[in-house]
Amino acid sequence: MKRAVVIGASSGMGMEISKLLLADGWTIGIAARRADKLMAFKELNPDRIEFETIDVTTDDAPDCLLSLIDRIGGMDLFFYASGIGKQNRNLDTDIEIKTVATNGLGFTRMIDAAFNYMANNGGGHIACISSIAGIKGLGPAPSYSATKAFQNCYIQALEQLANQRHLSITFTDIRPGFVDTALLSGAHKYPMLMNVEYVSRKIYSAVMRQKHICVIDWRWSILARLWSCVPNFIWRKLNL
Ligand SMILES: NC(=O)c1ccc[n+]([C@@H]2O[C@H](COP(=O)([O-])OP(=O)(O)OC[C@H]3O[C@@H](n4cnc5c(N)ncnc54)[C@H](OP(=O)(O)O)[C@@H]3O)[C@@H](O)[C@H]2O)c1
């Protein structure tokens with residue numbers, strides 16, 4: 001039996017990926033902070049879904065993860081979709097700190113817990129939705145872009161560490177462009193906005209093919225390559 005844990009399954013891409021895993025025969029453990037959303041999701045297939053309320057910014061989150069893994073009988077795939085992000089042109093420090101606590105500290109706490117579990121239990125696959133926002137520092141979203149760069153680098157480091165320790169852990173770093181989810185709700189209009197079902201199907205395929213890094217979709221992949229080539233003396237003057 002294939003078993004997956006999805007953190008951040010109460011909405012957006014995490015919820016869509018959970019649906020695809022379920023349709024493909026996986027037993028899933030889903031987690032996030034909103035218990036009502038998780039409970040409603042469990043009703044889709046009570047025999048193959050367990051849920052746990054987890055806030056990744058809290059110290060007990062790794063223990064909650066282990067309890068969830070126990071309840072589904074193991075973990076072959078750890079899919080990390082939790083995250084927050086806001087435009088913050090006025091540099092409200094509270095927003096910046098919360099973003100670092102969730103996307104930086106919370107991410108590290110949970111990815112480490114999954115890595116250590118897999119290191120002690122014969123390996124597995126860790127997939128994480130980071131973003132193309134980590135390619136360069138973005139003026140309108142400083143902590144968001146910085147934490148996404150952190151996530152890209154951290155996954156790369158753990159991949160090397162797993163190889164050094166001869167662990168059978170594989171990684172997929174998923175980097176979508178703009179996706180129409182609650183994270184982007186608000187008055188701002190985003191260009192090249194993608195549908196969440198379309199993006200999630202692409203993510204699912206990349207994870208099943210065990211791709212190391214996957215930019216979604218091809219248009220964003222071209223844009224990401226162009227961005228990374230922009231010299232710093234031009235980038236710092238761009239009006240994004
Ligand atoms: N939308 C985009 O354009 C876009 C583009 C690139 C990358 N991403 C990334 O994709 C990931 C998923 O975002 P989404 O677009 O699908 O947005 P979303 O619908 O807002 O989903 C975010 C998920 O993260 C969970 N979450 C937030 N804070 C949490 C916490 N402290 N503890 C546990 N779970 C928490 C939320 O659940 P609860 O609120 O119930 O806890 C929710 O399930 C994020 O990492 C985001 O940065 C998004």
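The values are calculated or read from the model by the stated rules, or taken from the named source; none is laboratory data. Being a predicted model, the structure only gives us computed values, none of them experimental. All Cβ positions, even for glycine, are placed from backbone atoms using ideal geometry, and neighbour counts span all protein chains on display.
Residues that are more than 10 Å from the ligand (Cβ to nearest atom) and either surrounded by 16 or more Cβ atoms within 10 Å (Cβ to Cβ) or part of a loop (DSSP other than H, G, I, E, B) (or both) within the range 160-180 comprise Ala162, Arg165, His166, Leu167, Ser168, Ile169, Thr170, Phe171, Thr172, Asp173, listed in sequence order.
Looking only at the range 162-217, residues that are polar (S, T, N, Q), under 26 Å from Gly124 (Cβ atoms) and without any contact (Cβ under 8 Å) to a residue 40 or more places away in the chain come to 3 in all. Residues that are closer than 21 Å to Phe51 by Cα and part of a helix (DSSP H, G or I) occur at least once in the range 89-105. Across the range 192-232, the qualifying residues are those that are among the aliphatic types (A, V, I, L, M) and not in a helix (DSSP H, G or I), and the one among them that is nearest to Leu77 (Cα to Cα) is Ile213. For the range 218-240, the set of residues classified as touching a residue at least 40 places away in the same chain (Cβ under 8 Å) and surrounded by 12 or more Cβ atoms within 10 Å (Cβ to Cβ) consists of Arg219, Trp220, Leu223, Ala224, Trp227, Val230, Trp235, listed by residue number. Scoring Leu183 on the criteria (1) within 13 Å of the ligand (Cβ to nearest atom); (2) surrounded by fewer than 12 Cβ atoms within 10 Å (Cβ to Cβ); (3) of a type outside the set (Asp, Glu) leaves a single failure, condition (2).
Of the residues screened, Ala113 is not one that is at pLDDT 95 or above, within 9 Å of the ligand (Cβ to nearest atom) and under 19 Å from Cys64 (Cα atoms).
Each residue in the range 1-12 was checked for being surrounded by fewer than 24 Cβ atoms within 10 Å (Cβ to Cβ) and more than 14 Å from the ligand (Cβ to nearest atom), and 3 pass. Here Thr93 qualifies as away from the ligand (no atom under 14 Å from the Cβ), out of contact with any strand residue (DSSP E or B) (no Cβ under 6 Å at 6 or more places or on another chain) and not acidic (Asp, Glu). Once the range 29-50 is narrowed to residues that are under 16 Å from the mean Cα position of the chain (by Cα) and aliphatic (A, V, I, L, M), the residue that is nearest to Tyr204 (Cα to Cα) is Ile30. Quick one: would you say Lys211 is farther than 20 Å from Ala141 by Cα, surrounded by 15 or more Cβ atoms within 10 Å (Cβ to Cβ), away from the ligand (no atom under 13 Å from the Cβ) and among the charged types (D, E, K, R)? Criteria met by Lys211.
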